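Quick note: the coordinates plus some simple rules give every number you see, no bench work behind them. Being a predicted model, the structure only gives us computed values, none of them experimental. Cβ placement follows ideal geometry from the backbone for every residue including glycine, while neighbour counts extend to all protein chains displayed.
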Amino acid sequence: MSVNARGVNCVGFIPARLGSTRFPEKVLAARTGRPLIQHVWEAACRASTLSRVVIATDHERVIAAARAFGAETVLTRTDHPNGTSRIAEAASKIGLADHQVVVNVQGDEPELEPGVIDAAVEAFIRLEREAGARVGTAASVMEAEESADDPNIVKVVTDLRGRALYFSRSKVPLDRDARGGSDASYLRHIGVYVYRRSFLDEYVQLSSTPLERTEQLEQLRVLEHGHTIAVGRCKARHTGIDTPEQYEAFVQRWNARL
């Protein structure tokens, strides 16, 4: 395994569960001429901080599709509660050492900008050294057309060093006096996560927490247990695919670019 240009040995994992409540088998949807999961894999492979990208899935059909476009795959159990747990099993199966850096890349974000992964990795490495960060992630300043009131858009607030203070579906921070300007800008959280393999194993053993259950945001579990999350800022406009309607919009954007 090679060491990337920034001197950090990073392995990207894409958890890809075949079943999906709102959009069954979305990872194999292929109206662009290639499966959705292939778009994600190709984007991850372009990140300069990743030296290896692995698809971790629960179904042989996804394995077959991924192998057809040349991806490395790992077959995992079907009973994982979330992607992080699936990645933990996959990391164990391929024998990653405790010190190796693991990147969790969401399997339903075909328009993911590779720079998002790089920003999350760089923030993690910097604040791991400076402030003992255990997790890295990324955030982008929200665009004018995005609504901070939208509960489907997760917001994050950080301290001056880039450490996450809180994640919320609510509008945070609240611009109480409606002053506007840069002080009132909102950061949209992007669900890419970075950690050492050793913390990945530790994380899946952490108990669920009150704020996590209230907001339905898994990353709050890390904060509530007292761990530091580093947030790398980047410019990103991509969105995930949760419904057939969102996939249709993606197909239209893809065809327009072609």
Report summary line: Distance in nm between residue 145 and residue 245 label points, each 7 Å along Cα→Cβ, equals 1.6 nm
Report task. Could you sort 179-188, 78-87 so that the peptide with the highest average Cβ count within 10 Å comes first and the rest follow in order? Result -> 78-87, 179-188
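Do any trypsin sites (Lys or Arg not before Pro) in the stretch 1-73 lie in a DSSP loop with no more than 11 other beta carbon atoms within 10 Å, and if so, which?
Working: sites: 6, 17, 22, 26, 31, 46, 52, 61, 67; in loops: 6, 17, 22, 31, 46.
Passing sites in the stretch 1-73 are 22.
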